[in-house]
Amino acid sequence: MTIPFLDLKAQYQSLRNEIAPAIQNVLDNTAYILGKSVTDFEKAFAEAHQVKHCIAVGSGTDGNHLALLALGVGHGDEVIIPVNTFIATAWGATLCGATPVFVDCEKDSYNLDPAKVEAAITPKTKAIVAVHLYGQAADLDALKKVADKHGIPLVEDAAQAHLTEYKGKKVGGIGTIASFSFYPGKNLGAYGEGGAVTTNDDALARTVRLFRDHGSEKKYHHETYGHNYRMDGIQGAVLGVKMPHLAGWTEQRRRAAESYRRALKDIPNIVLPKAMEYSKHVYHLFVILAERRDELMKYLNDHGVSTGLHYPVPLHQQQCFAGLGYTQGAFPVAESFAGKLLSLPMYAELTDEQIVYIAEQIKGFYGR
Ligand SMILES: *Cc1c(COP(=O)(O)O)cnc(C)c1O
C-alpha cells in the first residue's frame, strides 16, 4: 500500500464540478484581485469563526506581518514567539523590524508555555504570539492573563487552526488579532497563496485593510505607508467553494485521529498527541513522539508510508537566527522533541484501512 503524507488530489476530485464554474465566474467578471469572491469569502470565514472582521490577504506570512504591524510593532521592539513553530511566525516580527524572543513549549500540548512567557517579557515586549500548533489551541486564558498583566496584546497565529475551538469558542477572535493561512496543504487550502487576518477590533481591522492595499481606501490617495498584500479573486472563489465543506472535513480529520489513537495504543515506543480538555483539536497534523524516529521514518517510507517533520530544527537553532545568540539547551522541551516528532499522514479522505496499515508498519518496525 502507498499512502501519501498529504492527498490534495482526493479533495479536488470531490470538488471539480463546483470549482470550475466559480473560477469561470471570476474570469468572466475580470475580478482578478479582491472583488466579490473575496468579500463573500471574508464574510463566510468571519461568521464561521465567530469574529467581527476578516481581511483576506496574500498569504499567512502577510497575515503574520500585518497583525503585528497594525498593533504598531516596529524597530527595536520585541515579540514573544514559540520556539517550536513554522518560521513564518517569526517573520511576522522580523518584517516589522522587531526581534523575536523565543519561549519554550509545554510538554503536553507542544504549545507556547504560559509559565515561561512571563520571564521573557521586557519593557521592549510589544506582543505575545501564540500558535495553535498542529490544530490545537494554545492555552489562551493563561496566556491572556500574562499579557493583560503587562498590558501587551495577545496575537493568535491560527495558520493551522481553522475552526479550532478553545473552551467552546472558535479561535481567531479570542486574542486581540489573529492570522490564518490558506496555503494549499492547510486544513482550508487555496489553489495558490492565501491568508487572512481576523479581529473584533474595528480600528485594527481598518488599519489592516489600509496596509493590505497600499495604505489607501480611495484609489491613489494614500493615508499611510502600505503593502500589496491583497488576495486574488480566483483564490477567493476557490476558498468560497471550500468554506461550506470545512466543518465536514474537520470532523473527518477528528475521526481519523480517533482511529489512529485506537490503532496505535499499546505501542510503548511512541507517545500519542495529547488532546487538551480546553481545545477542540482540528488535527492539521497528527504528530507522535517516536523512539529512533529517523529509522522509523525510513522504515515507513520503505513500506509506502510518507511522513513529515514539524519541525526538525527549533527556531533558535536556525542559521538565520544565529545572531540572536541563543545556545544549545536554551529550550529543553523543544530541543528534546525535535529529534522525536513525527507527523503521520493526515487528511479528511484518509481511510481506516490506511490507518490500520500505517499502525501495522509501526508495530512491525518496533517488533523486529
Ligand atoms: C503555514 C504557516 C504560516 C505561513 O503561512 P503561508 O500562507 O505559507 O505564508 C505561518 N505560521 C504557521 C504556524 C504556519 O503553519
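The values are calculated or read from the model by the stated rules, or taken from the named source; none is laboratory data. Predicted, not measured: the structure shown is a model, and the values here were computed from it. Methodologically, a virtual Cβ is constructed for each residue, glycine included, from the backbone with ideal geometry; neighbour enumeration extends over all protein chains shown. In case anyone asks, the SASA skips ligands and DNA or RNA and just uses the protein heavy atoms, side chains included. Shrake-Rupley method; radii C 1.70, N 1.55, O 1.52, S 1.80 Å.
Key figures for this structure:
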| read-out | value |
| --- | --- |
| Verdict on Leu344 being within 26 Å of Ala10 (Cβ to Cβ) and hydrophobic (A, V, I, L, M, F, W, C) | yes |
| Residue within segment 55-64 that is modelled with pLDDT of 95 or more, over 24 Å from Lys126 (Cβ atoms) and away from the ligand (no atom under 16 Å from the Cβ) present | no |
| Restricting segment 251-285 to residues that are farther than 20 Å from Phe180 by Cβ and in contact with a Ser or Thr (Cβ under 8 Å, 6 or more places away or on another chain), the residue that is farthest from the ligand (Cβ to nearest atom) | Lys274 |
| Asn200 vs. criteria assigned by TED's automatic domain parsing to the domain that holds Lys43 and open to solvent by 80 Å² or more (accessible area, probe 1.4 Å) | no |
| Those residues of segment 295-321 which are surrounded by fewer than 17 Cβ atoms within 10 Å (Cβ to Cβ), in contact with a Leu (Cβ under 9 Å, 6 or more places away or on another chain) and farther than 14 Å from Val83 by Cα, in sequence order | Ser306, Leu309 |
| Single match in Arg262, Arg254 (criterion: within 18 Å of the chain's Cα centre (by Cα) and open to solvent by 50 Å² or more (accessible area, probe 1.4 Å)) | Arg254 |
| Top-ranked residue of segment 122-139 - restricted to ones that are closer than 19 Å to Phe211 by Cβ and in contact with an Asp or Glu (Cβ under 7 Å, 6 or more places away or on another chain), ranked as least open to solvent (accessible area, probe 1.4 Å) | Val129 |
| Scan of segment 110-153 for residues that are farther than 27 Å from Lys274 by Cα and not aliphatic (A, V, I, L, M), ordered by number | Thr122, Pro123, Lys124, Thr125, Lys126, Asp148, Lys149, His150, Gly151, Pro153 |
| Some residue of segment 94-114 being touching a strand residue (DSSP E or B) at 6+ places or on another chain (Cβ under 9 Å), aromatic (Phe, Trp, Tyr), within 13 Å of the ligand (Cβ to nearest atom) and modelled with pLDDT of 95 or more | yes |
| Pairs with Cβ under 7 Å, 6+ apart, first in segment 27-45 and assigned by TED's automatic domain parsing to the domain that holds Arg212, second open to solvent by less than 70 Å² (accessible area, probe 1.4 Å) and assigned to a loop (DSSP other than H, G, I, E, B) | Leu34/Met231; Ser37/Ala31; Val38/Met231 |
| Qualifying residue in segment 11-23 (condition: modelled with pLDDT of 95 or more, over 19 Å from Thr176 (Cβ atoms), away from the ligand (no atom under 12 Å from the Cβ) and touching a Ser or Thr at 6+ places or on another chain (Cβ under 8 Å)) | yes |
| Residue that is most open to solvent (accessible area, probe 1.4 Å), among those in segment 322-337 that are closer than 22 Å to Arg293 by Cα and touching a residue at least 60 places away in the same chain (Cβ under 8 Å) | Pro332 |
| Any chance Val83 is open to solvent by less than 50 Å² (accessible area, probe 1.4 Å), farther than 23 Å from Tyr225 by Cα, in contact (Cβ under 8 Å) with a residue 12 or more places away in the chain and away from the ligand (no atom under 16 Å from the Cβ) | no |
| Filtered residues of segment 165-182 (kept if assigned to a loop (DSSP other than H, G, I, E, B) and within 12 Å of the ligand (Cβ to nearest atom)) | Phe182 |
| Some residue of segment 225-235 being over 14 Å from His65 (Cβ atoms), part of a helix (DSSP H, G or I), in contact (Cβ under 8 Å) with a residue 60 or more places away in the chain and open to solvent by 60 Å² or more (accessible area, probe 1.4 Å) | no |
| Set Ala93, Ala119, Ala142, Ala115: member being open to solvent by less than 20 Å² (accessible area, probe 1.4 Å), of a type outside the set (Val, Ile, Thr) and farther than 17 Å from Phe337 by Cα | Ala93 |
| Residue within segment 183-195 that is assigned to a loop (DSSP other than H, G, I, E, B), near the ligand (Cβ under 9 Å from one of its atoms) and aliphatic (A, V, I, L, M) present | yes |
